[in-house]
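Colleague: Dumping the structure here so I can ask a few things about it.
The values are calculated or read from the model by the stated rules, or taken from the named source; none is laboratory data. The shown structure was predicted, so the numbers you read here are calculated from the model rather than taken from an experiment. Note that we place each Cβ from the backbone using ideal geometry, even for glycine, and neighbour counts take in every protein chain shown. The protein model used for the area step is the full one, side chains on, heavy atoms only, and it has no ligands, DNA or RNA in it. Shrake-Rupley method; radii C 1.70, N 1.55, O 1.52, S 1.80 Å.
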Amino acid sequence: MNTRQSLCELANSRFLPVWLATFLLGLLDAPVNALLPIYVEVELEASPLLAAGLRSTFLFLGGCFAVPAGYFCDRIGIKPAYLLGVTGTIAAGAVFILHQPVWLFALCLYIGMAAGFSTTASQAYLIHAAPRTSMGLGAAAFFLGMTLGSAIGSRLAGQIADAYGFASVGVGVIIGVFIVITGMIVFMPEISNRSIPAEETKTNHLVLLARPNVRLLLAIRFLPTCYWGTATLLIPLLIYRASHSLTLAADYSAVSLTIAAVTQLITGRLADKFGPRRPTLIASSCVAVSAICIGIWSDSVAGLFLFGTTGAAAAWSVSTMMPRLIDAITGPLEKGRMVGMAHLAWSLAMLGGSLWGGRAVEWDAGLPFFVVAVGCVATVGCLVIFFRRMERQQVIG
């Protein structure tokens, strides 16, 4: 199947509504991610530490609540779980309207809980909605839509905040969310329009964890994400330290994001054509090599740009493969729970990688990357074992 046929297959499936919802929600969620530290400093006149604490709150809770969200998807339905998760964006808009720190903390608690449902349900919907023969390209387009929405939303939010103030951003987000929820209710079909009997959902999380393939996949999700948590925190900082230029640090983020987006589409298409084994192994190997090279050239702007961008493209490519790998190792009534467990692994790795990077960079700039590189090398070994098991079971190519 060529690329044009794959795109037509995706457009004629239930994939298009979830892609559009993901794009719009990425746009509406962008302000709380992009402007929260500035809002805390300008409007509340508080320390950046408050913004860091608020962001850590919803990042951690998003991972924790992904696990019950997965059960909810399998037991009640994916669309209700997704709608429940979207309500967190209402709280994200209210952040810019309510100025008291206690209210902000309460809102961030709800944002985190809802994010677990939104992230898990959207990816579970993707797995069910995208045709299996086009799932690689579908997953790439899904993550690209999320990234594109976030980029546009960040840009618009900054312009609106400059012109009309933060409260206008919050009001706009809340109005937009209600429009999106209405559209989802009307136009997004339910994947399974019946409640699954309890006896059909006896496979609990402990039973899933008992499977070697599940444990391997969680390790494959966790280990390279530790690198990504460290890289997203430190690489812009290291570029600034080496160049004393805020512009170069910002340019790195733009360049790496653009190249990663293009690479995702290529990786997804290759996975549909040749199977996920080779693209995933190549991408994971590139993450490991990039981590080592960043550690070696941690004081070089050119080295940080080159290997940071390579690592970003490779890390996003590995993420693009996750829906297809989850689909391969789970039954039809287990995918939500597996997505939830994988997102919990991602959240814990992001937190751990960020905390490790922030601490270890005080000792040596290259040390954080050498340590997470060990996990990246281990990822390649886990993948080799994983795909050998899949091939023996004749599940995946």
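Colleague: Which residues, taken from the range 349-378, are open to solvent by 60 Å² or more (accessible area, probe 1.4 Å) and over 20 Å from Met321 (Cβ atoms)? Reasoning before the result, please.
Modeller: So the first thing to find is which residues in the range 349-378 are open to solvent by 60 Å² or more (accessible area, probe 1.4 Å), and the list is 355-356, 359, 362-364, 370-371, 374, 377.
Residues satisfying the conditions are Leu355, Trp356, Arg359, Glu362, Trp363, Asp364, Phe370, Val371, Val374.
Colleague: Hey, another quick one. Within the range 218-245, track down each residue that is among the charged types (D, E, K, R) and either open to solvent by less than 50 Å² (accessible area, probe 1.4 Å) or without any contact (Cβ under 8 Å) to a residue 24 or more places away in the chain (or both). It would help to see each step written out before you state the result.
Modeller: Going through the range 218-245, the residues among the charged types (D, E, K, R) turn out to be 221, 241.
Matches in the range 218-245: Arg221 only.
Colleague: May I ask you to list the residues in the range 238-262 that are over 22 Å from the mean Cα position of the chain (by Cα) and either within 20 Å of Thr320 (Cβ to Cβ) or at pLDDT 75 or above (or both)?
Modeller: Leu238, Ile239, Tyr240, Arg241, Ala242, Ser243, His244
Colleague: A further question on this structure: Kindly indicate whether Arg389 is more than 20 Å from Pro68 (Cβ to Cβ), modelled with pLDDT of 80 or more, in contact with a helix residue (DSSP H, G or I) (Cβ under 8 Å, 6 or more places away or on another chain) and among the charged types (D, E, K, R).
Modeller: Against the criterion (more than 20 Å from Pro68 (Cβ to Cβ), modelled with pLDDT of 80 or more, in contact with a helix residue (DSSP H, G or I) (Cβ under 8 Å, 6 or more places away or on another chain) and among the charged types (D, E, K, R)), Arg389 qualifies.
Colleague: Out of all the residues in the range 66-77, which are of a type in the set (A, V, I, L, M, F, W, C), open to solvent by 10 Å² or more (accessible area, probe 1.4 Å) and either in contact with a Ser or Thr (Cβ under 8 Å, 6 or more places away or on another chain) or more than 12 Å from Met341 (Cβ to Cβ) (or both)?
Modeller: Of everything in the range 66-77, those that are of a type in the set (A, V, I, L, M, F, W, C), open to solvent by 10 Å² or more (accessible area, probe 1.4 Å) and either in contact with a Ser or Thr (Cβ under 8 Å, 6 or more places away or on another chain) or more than 12 Å from Met341 (Cβ to Cβ) (or both) turn out to be Phe72, Ile76.
Colleague: Okay, next question. For the range 195-235, name all the residues that are at pLDDT below 75 and closer than 30 Å to Ala360 by Cα.
Modeller: Step one: list which residues in the range 195-235 are at pLDDT below 75, which gives 195-210, 233.
Matches in the range 195-235: Leu233 only.
Colleague: In the range 30-55, which residue that is modelled with pLDDT of 70 or more and open to solvent by 50 Å² or more (accessible area, probe 1.4 Å) is nearest to the chain's Cα centre (by Cα)?
Modeller: Asn33
Colleague: Here's a follow-up. Which ones in the range 56-97 are at pLDDT below 75, among the polar types (S, T, N, Q) and in contact with a helix residue (DSSP H, G or I) (Cβ under 6 Å, 6 or more places away or on another chain)?
Modeller: Selection gives nothing.
Colleague: Something else about it: Which of the residues belonging to the range 160-187 are surrounded by 14 or more Cβ atoms within 10 Å (Cβ to Cβ) and β-branched (Val, Ile, Thr)?
Modeller: Within the range 160-187, Ile160, Val169, Val171, Val173, Ile174, Val177, Val180, Ile181 meet the criteria.
Colleague: Quick check on the range 255-274. Is at least one of its residues more than 28 Å from Arg389 (Cα to Cα), open to solvent by less than 20 Å² (accessible area, probe 1.4 Å) and not in a helix (DSSP H, G or I)? Lay out the reasoning, then the answer.
Modeller: If we filter the range 255-274 for residues that are more than 28 Å from Arg389 (Cα to Cα), which is where we start, we get 255-262.
Going one step further and asking which of them are open to solvent by less than 20 Å² (accessible area, probe 1.4 Å), we end up with 256, 260-261.
When the remaining residues are screened for being not in a helix (DSSP H, G or I), the result is none.
Among the residues of the range 255-274, not one is more than 28 Å from Arg389 (Cα to Cα), open to solvent by less than 20 Å² (accessible area, probe 1.4 Å) and not in a helix (DSSP H, G or I), which makes the answer no.
Colleague: Quick one: Phe386 ticks every box in (1) under 21 Å from the mean Cα position of the chain (by Cα); (2) crowded, with 19+ Cβ neighbours inside 10 Å bar one, so which box is it?
Modeller: Result: Phe386 fails condition (1) only.
Colleague: Could you give every pair whose Cβ atoms fall below 7 Å, whose first residue belongs to the range 151-174 and is without any contact (Cβ under 8 Å) to a residue 12 or more places away in the chain, and whose second residue is assigned to a helix (DSSP H, G or I), counting only separations of at least 6 or pairs across chains?
Modeller: Note: pairs meeting the criteria are Ser168/Ile160.
Colleague: Restricting to the range 293-312, count the residues that are outside any loop (DSSP other than H, G, I, E, B), touching a residue at least 40 places away in the same chain (Cβ under 8 Å) and open to solvent by 10 Å² or more (accessible area, probe 1.4 Å). Reasoning before the result, please.
Modeller: First, pick out the residues of the range 293-312 that are outside any loop (DSSP other than H, G, I, E, B): 293-296, 301-312.
Now narrow it down to the ones that are touching a residue at least 40 places away in the same chain (Cβ under 8 Å): 294-296, 301, 304-305, 308-309, 311-312.
Restricting the remaining residues to those that are open to solvent by 10 Å² or more (accessible area, probe 1.4 Å) gives 296, 301, 305, 309.
Going through the range 293-312 one residue at a time, the tally reaches 4.
Colleague: Considering only the range 91-107, how many residues are surrounded by 19 or more Cβ atoms within 10 Å (Cβ to Cβ), over 18 Å from the mean Cα position of the chain (by Cα) and either under 27 Å from Phe15 (Cβ atoms) or not aliphatic (A, V, I, L, M) (or both)?
Modeller: Filtering the range 91-107 for residues surrounded by 19 or more Cβ atoms within 10 Å (Cβ to Cβ) gives 91-96, 104, 107.
Filter once more, so that each one left must be over 18 Å from the mean Cα position of the chain (by Cα): 91, 93-96, 104, 107.
From the residues that got through so far, the ones that are either under 27 Å from Phe15 (Cβ atoms) or not aliphatic (A, V, I, L, M) (or both) too are 93, 96.
Within the range 91-107, residues that are surrounded by 19 or more Cβ atoms within 10 Å (Cβ to Cβ), over 18 Å from the mean Cα position of the chain (by Cα) and either under 27 Å from Phe15 (Cβ atoms) or not aliphatic (A, V, I, L, M) (or both) number 2.
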